[in-house]
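Please read the structure below before turning to the comments.
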Amino acid sequence: MKPRVVVFSISALAGTLREISRDYTGSANIELVPKAYEDALAYARNRYYTDTADVFVAAGSNGAFLLNQLEAPLVIIRTDGFDVMQALASARKSSAAVGLVSYEHAFDELEQFARAFDVPLNTRTYRTPEDARRAVRELAQLGVKVVVGSGLVTEIAQEMGLEAILIYSRQGVVKAFEEAIRLASAKATGGVRRSSQAYTYHTEQDLIGNSAAVQKLRSTIRLCGGIDFSVLIQGETGVGKELVAQSIHTAGSRAGKPFVAINCASLTETLLESELFGYEEGAFSGAVKGGRAGMFESAQGGTVFLDEIGDMPLAFQTRLLRILEDGTVRRIGSAASRKVDFRLLAASNVNLQQAVEAGRFREDLYFRLNEMLIQIQPLRERVEDIVELAGHFLRTTPVRVSKARFDAFLQLALPVLQTLPWPGNIRQLKNVCRRAAVLMLQDNDVLSWRTWFPDLFQKAFKPPVAEQAPASSHEFTTMNELALAYSRAAKADRAAIVQSALKLADGQVQMVAAGLGVSRSTVWRLGKVN
């Protein structure tokens, strides 16, 4: 049977959900249900415990409510700074008076967006429908004409006679649907609802870059694919550990069989136990009729990927070791063991050897996982790949910007991007490129690209000595230091900084303008260029 997904929405988002759900009629049964909060919770529990639905999808405050109450698998339709800026860019075309009402928290990019484009932006947050109505009313009293927000917020705004822009993007909904279908497929009971469809996963060719580190990584993936060993993948957050895991799966003899992934850090111990080991009918209150297979059974013949395994509780580490040693798994509430055949891949963003030494991870399990070890280098150690990565992210962004604009941005920004520490690695670079794509739609002066990312530079560099003393050429050795000093300097000191930058750039006005994030005329004026 197809994966069965129930999507809750009572707001303006329902139209977008209905439209996108039509694209999945061949691969899943997606049902849209106009319920929220307590009504949605009761409905979801009934459907899940009568085994007539696999996974649920919701958004906003409704999603947050269900996340805290519902025991069944739930996918939240999320928004990020990219979605927010797209919505704000659309709102800005209608009116200069724009307001944003977001659920629970504001977005870091907003202050930067408002400053870059001189947008008088008013923001509010909400938790309940009453909060949302109060927030929209306050914005209307301030003269706001266009409100950006969730489906609930946009409906309230329209009721009050305001124009409204939905904060959710099509890409966010698609991502949620695909995650729900993947979860539904992974949780299907053995053989009865398990889809036999071979899903498309990443391969080694999806690794972008031609540095020595990436070439070695591709070679190691091919090697691991040909040897049915357990593999431990270590690397900082955002380096692409799951991409590597999927590539190992597709490179081996188990390609085409299930690839079942679970994040050990995202589930409570109770949920983790039922997800990993499964349970029998009647094992606990709410257990579905007939029981349910766990991840190890669901991956029969394929691969289990345990992400963030360093966060797995010690009790589960003991059970996992036993499964790996004897190849059997026992469901919750069962006295019998079942034979399982799977390959284990595990990933961690912490050093498991150090976790062993600190007593947080079993040494025998560490050695069992570490039959093969892949250590993925952080982006800052392979900066030559940034050119290809940034180009790829800009080309594949859903924002329609001309190739000439992208090329102009890359020419100016790459020398600087290659000097940043990138604590978020490839994921952070992707977000920067997506943000740039949105902002260059509104800002015609690509030379001012530095002003789009004040947070990036504030976190990347320590304040230079120039804060305590007037700027002079001997205090700075890079354009990055000069740019940061310029952004913090008093007007009287900026001429000296520009003149220092000109010396560093051998008098190239455009390079200085791009490096400092100012116009050419400012360089001419402060640098006294003839």
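Summary table
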{"quantity": "Which numbered condition residue 143 fails, given (1) surrounded by fewer than 17 Cβ atoms within 10 Å (Cβ to Cβ); (2) in a helix (DSSP H, G or I)", "calculated": "(2)"}
{"quantity": "Residue check for residue 50: surrounded by fewer than 16 Cβ atoms within 10 Å (Cβ to Cβ), in the same structural domain as residue 9 (by TED's automatic domain parsing) and modelled with pLDDT of 85 or more", "calculated": "no"}
{"quantity": "Options 416, 387: the member that is in a helix (DSSP H, G or I), modelled with pLDDT of 85 or more and farther than 29 Å from residue 305 by Cβ", "calculated": "387"}
{"quantity": "Members of the stretch 229-275 that are at pLDDT 85 or above, over 18 Å from residue 361 (Cα atoms) and in a loop (DSSP other than H, G, I, E, B)", "calculated": "229, 236, 237, 238, 239, 240, 252, 253, 254"}
{"quantity": "Any pair with Cβ under 6 angstrom, 6 or more apart, that starts in the stretch 370-384 at a residue that is at negative phi and ends at one that is part of a helix (DSSP H, G or I) and not hydrophobic (A, V, I, L, M, F, W, C)", "calculated": "374/220; 378/425; 379/425"}
{"quantity": "Residue that is surrounded by the fewest Cβ atoms within 10 Å (Cβ to Cβ) [pool: residues in the stretch 18-47 that are closer than 12 Å to residue 70 by Cα and of a type in the set (A, V, I, L, M)]", "calculated": "42"}
{"quantity": "Residue within the stretch 380-393 that is of a type in the set (Asp, Glu) and under 28 Å from residue 260 (Cβ atoms) present", "calculated": "no"}
{"quantity": "Hits in the stretch 343-358 (condition: in a loop (DSSP other than H, G, I, E, B) and either in contact with a helix residue (DSSP H, G or I) (Cβ under 9 Å, 6 or more places away or on another chain) or not small (Gly, Ala, Ser) (or both))", "calculated": "349, 350, 351"}
{"quantity": "Some residue of the stretch 369-387 being more than 24 Å from residue 216 (Cα to Cα) and of a type in the set (D, E, K, R)", "calculated": "no"}
{"quantity": "Count of residues meeting criterion [within 38 Å of the chain's Cα centre (by Cα), modelled with pLDDT under 80 and among the small types (Gly, Ala, Ser)] in the stretch 491-530", "calculated": "6"}
{"quantity": "Condition check for residue 24: touching an Asp or Glu at 6+ places or on another chain (Cβ under 9 Å), of a type outside the set (Lys, Arg) and touching a residue at least 12 places away in the same chain (Cβ under 8 Å)", "calculated": "yes"}
{"quantity": "Test: residue in the stretch 97-116 that is part of a loop (DSSP other than H, G, I, E, B) and either at pLDDT 85 or above or more than 25 Å from the chain's Cα centre (by Cα) (or both)", "calculated": "yes"}
{"quantity": "Residues located in the stretch 211-226, provided they are part of a loop (DSSP other than H, G, I, E, B) and at pLDDT 90 or above", "calculated": "211"}
{"quantity": "Counted residues, the stretch 224-246 - those being out of contact with any strand residue (DSSP E or B) (no Cβ under 8 Å at 6 or more places or on another chain) and farther than 14 Å from residue 425 by Cβ", "calculated": "2"}
{"quantity": "Of all residues making up the stretch 333-365, the number that are in contact (Cβ under 8 Å) with a residue 24 or more places away in the chain and farther than 17 Å from residue 299 by Cβ", "calculated": "13"}
{"quantity": "Test for residue 471: is it buried (at least 19 other Cβ atoms within 10 Å of the Cβ), farther than 15 Å from residue 239 by Cα, at pLDDT below 65 and not basic (Lys, Arg)", "calculated": "yes"}
{"quantity": "Scan of the stretch 56-71 for residues that are buried (at least 20 other Cβ atoms within 10 Å of the Cβ) and of a type in the set (Gly, Ala, Ser), ordered by number", "calculated": "58, 59, 60, 61, 63"}
{"quantity": "Of all residues in the stretch 304-325 being assigned to a strand (DSSP E or B) and not aromatic (Phe, Trp, Tyr), the one that is nearest to the chain's Cα centre (by Cα)", "calculated": "307"}
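The values are calculated or read from the model by the stated rules, or taken from the named source; none is laboratory data. Since the model is a prediction, treat every value here as computed from it, not as a measurement. Reconstructed Cβ throughout: ideal geometry from the backbone, glycine too, with neighbour counts over all protein chains shown.
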